[in-house]
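Remarks on the structure that follows.
The values are calculated or read from the model by the stated rules, or taken from the named source; none is laboratory data. Predicted model, so just to flag it, every value in this text is computed and none were measured. Heads up, the Cβs are rebuilt from the backbone with ideal geometry, glycines too, and the neighbour counts pull from every protein chain shown. To get the accessible areas, we keep the full protein, side chains included, count just its heavy atoms, and leave off ligands, DNA and RNA. Shrake-Rupley method; radii C 1.70, N 1.55, O 1.52, S 1.80 Å.
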Amino acid sequence: MMTAVVTAECLEARDVHFRRGARIILDDINIRLHAGEIVALLGANGAGKSTLFRILLGFLKPERGEVRLGDRPLAEFTRRALAQRIAYVPQAHVAPFPYKVQDVVLLGRLAETGIFRAPQAADRRAVEEVLERLAIAHLAPRPYTEISGGERQLTLIARALAQGARILVMDEPMTGLDYGYQVRLLQHLVDLAGSGRSILLSTHNPEHAVQAATRIAVLRDGAIMADGPPADIITPSLIRALYGVEVSTLTNAEGRMVIVPAMERVPSTGA
Amino acid sequence: MLRLVFLPLLLIGAILFAITIGRYPLSIGDIVSFFQAMVGLKPMALDRYQLLHNIIVEIRLPRILGAGLVGAALASSGAAFQAVFRNPLVSPGILGVLGGASFGAALGILLFGNWALIQLSAFAMGLVAVGVGLLIANMFGQASMIMLVLGGMISAALFTSALSIVKYTADPYEQLPAIVYWLMGSLGGLDMTQIRWAAIPIAGGLVVLALFGRALDALSMGDDEARALGVPAQQVRYGVIGAATLVSALSVSLAGMIGWVGLVVPHVVRLALGPGNARLLPASAFSGAIFLIAADCVSRSITRSEIPIGILTELLGIPAFIIVLRRARQGWT
């Protein structure tokens, strides 16, 4: 069952440097993820987001600097101990074999059972719980290969929750989802952070970052160029610098920020 | 519970049935009373006992058990390779084991002409070929999936051309036909000693593969995902490649090239039981054993002189695969 610590440990990159050949991918990156935070990582393609994620997850070793989880370096954890603390939610993908949704989620229990032990009744209950929590219990017996992209993304999040990890690292979770799923997913992230989990997600859409994140970090050419609360970070000049387009930002009646692109429109015909 | 014992019971049934097939007619009753006499439960006239012992233990059982071991090894290693390479179209030969073993057998026929040495040479060269494939794949840093596939292809091509050289230099009246016949696959030359030697490592390899079943499910989702789930991806991959190579190399050294079993049987089992490797791998082993025992029954009873088993599995495998493709298509997209 879920016996892990209640709040997430702090995940932190300290002066992380990474090169591929002569090209510097990450240049002295410092970033922290605290319990209950949703940190959105913004950045263009090729800015180094995936590399940073792979380093934070322990898939890659930084050339210099280190990643720490709680008060220990990441390198001191075994694969399994790490999986009990940090879960990775990849972009919704197609599996080569038609596993059932419940079996995909059950893979999350490997961190708890170890690879050689068969899953027990308690593991199956944990799977049912997370499926219900994400309101996808009806998908349980369906083949993962036959559900929609949004349903797949929720399945992968369910698997991460079944892992019992308190830190979720999500690679562009909104990509390819329709509007309804995007909003629902953002709400799930907010709920998860409310229960003491911490979430690091990458996104291409500053709107999503503004809606859900408690903090936004901006990665550009392998360096963190800004890191702070959404209202401080998302400015017309930053959007111009990152994406080369003009926007204005508004604050609505509830005090929430809205980003409005400044673009010319087809003149109204007055009909 | 019934599901757990269904395939083992079917396998025992297939073995008993296969013993009855042959030129000297035997009934299931004859076989049962022979085994009862063998363990001392029931008396039997000595000359009758010796006759039955000769037919059952010395002639029929070795090839039936051999067929079972080879079928189990090919089907299980095929299923394991498919999970490791995340591709349902992969067969046990992917890393070059079949190419290497063929070369080894041909070399053995050319140099020694002794069956035990031919088998040893086939087995050793099967392992060497996979080793060469892995070496090529790891030449430029840690091997990726595509590098492993390419390494296997290069190694298989290398050993296939070496096989051609051996064939070219072989004596065309004695050795060349022996090589060609070996490449078609045959269960005819097996005796109990060979079965005893091969049974333990094959059974061990099959158990290891089945134990890796859940880890393979995770690995088939991708390396990074497997790692994030707490599975040491690289160790699991090489552990599975090692066990699958061992059992497939042993199977080739016992019976030569027997195609399609490693591809078709896992497909059929996956359609029946779902893709979870913890069940797929042991179920493929049992089903592969049953399939090859049945195919062998056909091969030695359909005509006066027996058809090489490799030709038969190809003839049976192709239509089976086409039927399976029709249904499996949906699952792959």
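What is the residue count in the range A:204-225 for residues that are open to solvent by 20 Å² or more (accessible area, probe 1.4 Å) and small (Gly, Ala, Ser)?
Of the residues in that region, 1 qualify.
Tell me, please, whether a residue that is under 29 Å from B:Pro282 (Cβ atoms) and in a loop (DSSP other than H, G, I, E, B) can be found in the range B:56-75.
no
Looking at A:Gly58, is it buried (at least 17 other Cβ atoms within 10 Å of the Cβ), over 30 Å from A:Leu110 (Cα atoms) and either in contact with a helix residue (DSSP H, G or I) (Cβ under 6 Å, 6 or more places away or on another chain) or β-branched (Val, Ile, Thr) (or both)? Before the answer, list the steps.
Values: buried (at least 17 other Cβ atoms within 10 Å of the Cβ): yes; over 30 Å from A:Leu110 (Cα atoms): no; either in contact with a helix residue (DSSP H, G or I) (Cβ under 6 Å, 6 or more places away or on another chain) or β-branched (Val, Ile, Thr) (or both): yes.
Taking the combined requirement at face value, the residue does not satisfy it.
Every residue in the range B:132-149 that is of a type outside the set (A, V, I, L, M, F, W, C), touching a residue at least 12 places away in the same chain (Cβ under 8 Å) and open to solvent by less than 50 Å² (accessible area, probe 1.4 Å), please.
Selection gives B:Gly133 alone.
For B:Ile64, state whether it is over 17 Å from the mean Cα position of the chain (by Cα) and modelled with pLDDT of 90 or more.
Details: over 17 Å from the mean Cα position of the chain (by Cα): no; modelled with pLDDT of 90 or more: yes.
When the stated conditions are applied, B:Ile64 does not pass them.
Inspect the range A:168-180 for any residue being among the β-branched types (Val, Ile, Thr), free of Cβ contacts under 8 Å to residues at least 24 places away in the same chain and open to solvent by 40 Å² or more (accessible area, probe 1.4 Å) and give the result as yes or no.
No - not one qualifying residue is present in the range A:168-180.
Residues that are farther than 22 Å from B:Gly317 by Cα and under 25 Å from the mean Cα position of the chain (by Cα): does the range B:28-50 have at least one?
no
Okay, residues lined up against (1) open to solvent by 30 Å² or more (accessible area, probe 1.4 Å); (2) in contact with a Gly (Cβ under 8 Å, 6 or more places away or on another chain):
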| position | (1), (2) |
| --- | --- |
| B:Ala156 | no, yes |
| B:Tyr173 | yes, no |
| B:Leu211 | yes, no |
| B:Val231 | no, no |
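Restrict the check to the range B:246-266 and report whether at least one residue is within 13 Å of another protein chain (Cβ to nearest Cβ) and under 20 Å from B:Ile318 (Cα atoms). Quick ask: steps written out before the conclusion?
First, pick out the residues of the range B:246-266 that are within 13 Å of another protein chain (Cβ to nearest Cβ): B:266.
After this cut, where a residue has to be under 20 Å from B:Ile318 (Cα atoms) as well, the list is B:266.
Within the range B:246-266, one or more residues are within 13 Å of another protein chain (Cβ to nearest Cβ) and under 20 Å from B:Ile318 (Cα atoms).
So that you can scan it fast, the table gives a plain yes or no per residue for (1) out of contact with any strand residue (DSSP E or B) (no Cβ under 8 Å at 6 or more places or on another chain); (2) more than 14 Å from chain A (Cβ to nearest Cβ); (3) among the charged types (D, E, K, R):
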{"residue": "B:Ala170", "(1), (2), (3)": "yes, yes, no"}
{"residue": "B:Glu174", "(1), (2), (3)": "yes, yes, yes"}
{"residue": "B:Pro177", "(1), (2), (3)": "yes, yes, no"}
{"residue": "B:Tyr181", "(1), (2), (3)": "yes, yes, no"}
{"residue": "B:Gly188", "(1), (2), (3)": "yes, yes, no"}
{"residue": "B:Ile195", "(1), (2), (3)": "yes, yes, no"}
{"residue": "B:Ala198", "(1), (2), (3)": "yes, yes, no"}
{"residue": "B:Val207", "(1), (2), (3)": "yes, no, no"}
{"residue": "B:Glu225", "(1), (2), (3)": "no, no, yes"}
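List the pairs whose first member sits in the range B:42-66 and is within 30 Å of B:Val247 (Cβ to Cβ), whose second member is among the aromatic types (Phe, Trp, Tyr) and surrounded by fewer than 16 Cβ atoms within 10 Å (Cβ to Cβ), and whose Cβ atoms are under 7 Å apart, counting only residues at least 6 apart or on separate chains?
Hits for this filter: B:Ile55/B:Tyr24.
When you go through A:Val210, A:Val260, A:Val218 one by one, which is the residue that is assigned to a strand (DSSP E or B), within 24 Å of A:Glu37 (Cα to Cα) and not acidic (Asp, Glu)?
A:Val218
Out of the residues in the range A:68-77 that are open to solvent by 10 Å² or more (accessible area, probe 1.4 Å) and of a type outside the set (Lys, Arg), which is farthest from the other protein chains (Cβ to nearest Cβ)?
Result: A:Asp71.
Return the total of residues in the range B:213-229 being surrounded by fewer than 24 Cβ atoms within 10 Å (Cβ to Cβ) and outside any helix (DSSP H, G or I).
Residues flagged as surrounded by fewer than 24 Cβ atoms within 10 Å (Cβ to Cβ) and outside any helix (DSSP H, G or I) within the range B:213-229 amount to 2.
Go through the range B:83-102 and give me each residue that's within 14 Å of chain A (Cβ to nearest Cβ) and open to solvent by 20 Å² or more (accessible area, probe 1.4 Å).
B:Arg86, B:Asn87, B:Leu89
Enumerate the pairs (first residue in the range B:261-285 and open to solvent by 20 Å² or more (accessible area, probe 1.4 Å); second residue anywhere and at pLDDT below 90 and of a type in the set (Lys, Arg)) with beta-carbon separation below 7 Å, excluding pairs fewer than 6 apart on the same chain, so at least 6 apart or on different chains.
The qualifying pairs are B:Leu271/B:Arg327.
May I ask you to say which residue of B:Ile118, B:Ile136 is under 28 Å from B:Met221 (Cβ atoms) and in contact with a helix residue (DSSP H, G or I) (Cβ under 6 Å, 6 or more places away or on another chain)?
Selected residue: B:Ile136, the only one of B:Ile118, B:Ile136 that is under 28 Å from B:Met221 (Cβ atoms) and in contact with a helix residue (DSSP H, G or I) (Cβ under 6 Å, 6 or more places away or on another chain).
So, of the residues in the range A:184-203 that are open to solvent by 20 Å² or more (accessible area, probe 1.4 Å) and among the small types (Gly, Ala, Ser), which turns out to be farthest from A:Val260 (Cα to Cα)?
A:Ser195
Report yes if some residue within the range A:232-251 is within 17 Å of the chain's Cα centre (by Cα) and loosely packed, with under 15 Cβ neighbours inside 10 Å; otherwise report no.
No, the range A:232-251 contains no residue that is within 17 Å of the chain's Cα centre (by Cα) and loosely packed, with under 15 Cβ neighbours inside 10 Å.
Scan the range A:122-133 and report the pairs whose first residue is charged (D, E, K, R) and whose second residue is at pLDDT 95 or above, with Cβ atoms within less than 6 Å and a gap of 6+ or a chain change.
A:Asp123/A:Arg109
Identify all residues within the range A:40-57 that are touching a strand residue (DSSP E or B) at 6+ places or on another chain (Cβ under 7 Å) and either closer than 15 Å to A:Asp28 by Cα or within 14 Å of chain B (Cβ to nearest Cβ) (or both); write none if there are none.
Residues satisfying the conditions are A:Ala47, A:Gly48, A:Lys49, A:Thr51, A:Leu52, A:Phe53, A:Ile55, A:Leu56, A:Leu57.
Regarding the range A:201-215, can at least one residue be identified that is among the hydroxyl-bearing types (Ser, Thr, Tyr) and at pLDDT below 90?
No; the residues of the range A:201-215 include none that is among the hydroxyl-bearing types (Ser, Thr, Tyr) and at pLDDT below 90.
Could you check the range B:130-188 and list, in sequence order, the residues that are within 17 Å of B:Gly99 (Cα to Cα) and β-branched (Val, Ile, Thr)?
B:Val130, B:Val132, B:Ile136, B:Val149, B:Ile154, B:Thr160, B:Ile165, B:Val166, B:Ile179, B:Val180
Exactly one of these conditions fails for A:Ala35: (1) within 14 Å of another protein chain (Cβ to nearest Cβ); (2) small (Gly, Ala, Ser); (3) more than 30 Å from B:Arg270 (Cα to Cα). Give me its number.
It fails just one condition, (1).
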